[in-house]
1. Using a ≥ b ≥ c from the Cα gyration tensor of segment 1-68 (square roots of the eigenvalues), is it rounded, prolate or oblate, where a/c under 1.5 gives rounded and otherwise the larger of a/b and b/c decides, a/b for prolate?
2. What are the lysines whose alpha-carbon lies under 22 Å from the alpha-carbon of LYS150, with same-chain residues fewer than 8 places away excluded?
3. Which values, in whole Å and largest first, are the semi-axes of the equivalent ellipsoid of segment 15-108 obtained as the square root of 5 times each eigenvalue of the Cα gyration tensor?
4. At ILE3 and ASP166, where each label point lies 7 Å from the Cα along Cα→Cβ, what is the point-to-point distance in nanometres?
5. Would you mind checking the radius of gyration and Dmax of segment 83-138 based on alpha-carbon positions, in Å?
6. Going by how many other Cβ atoms sit within 10 Å of their own, how do THR19, THR24 line up, fewest first?
7. Roughly speaking, what is the stretch gain from ASP58 to HIS85, that is 0.36 nm per residue apart minus the C-alpha to C-alpha distance, in nm to one decimal?
8. For a label point 7 angstrom out from the Cα of LYS14 toward its Cβ, which stretches of segment 87-111 have the backbone nitrogen within less than 17 Å?
Amino acid sequence: MSISRLHHAAYRCKDAKETVEFYTKYLDLNFNIAVAENEVPSTGEWSPHIHILLQMADGSSVAFFELPEDEGNMLDPDTPAWVQHLALKVPDMDTMMAYKERLEAGGIEVLGPTDHKICQSIYFFDPNGHRLELAIDTATAELSALLAEKANATLDIWSKTKRAPDVDADLHADARG
């Protein structure tokens, strides 16, 4: 496989400075790149912007564009807020709960932890309205194997019915242990 890791995921922001302050203060990301341009390099069109990158421990980044002359939406208004999110992995429950306490101390509302059987997560919004998730992996080797075994069947049934398939009923029972 040629793809080794995420380079960056890019989002729009209202204010680049406020965004950098949030991600460095609350999530410990490393602000390491800011590129400001008046034209889009790939298309040549006029669009003053700043592109900021905040690096994670594995070297991948979360990037943001501030577009002061663009009237577009920050988020897709036709998609539920819980769908549009960025999930970031943390090593353990103690770390996740420490971030939750830091966020709440800063006046940020945090939902969770929520047990998804394959991971546990907390959820909150950044200053731009982007939903973030901090997650720890909790799936057992057996559950991971069962999910991999059932993936194609689940997708095939979903594609035909657009409903959760019965083939996963035992998966959920197994996941609850």
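FYI, it's all coordinate maths here, none of it is from the lab. Small disclaimer: the values here were computed from a predicted structure and weren't measured. With ideal geometry, Cβ positions are generated from the backbone for all residues, glycine too; neighbour counts draw on all protein chains shown.
1. Numbers: a/c = 2.75, a/b = 1.21, b/c = 2.27.
The shape class here is oblate.
2. Here the lysines satisfying the reach criterion relative to LYS150 are LYS117, LYS160, LYS162.
3. Equivalent ellipsoid of segment 15-108: 28, 17, 13 Å, largest first.
4. 3.5
5. In Å, with Rg to one decimal and Dmax whole: 10.6, 30.
6. Values: THR19 23, THR24 13.
In increasing order of surrounding Cβ atoms, one gets THR24, THR19.
7. 7.7 nm
8. 107-109
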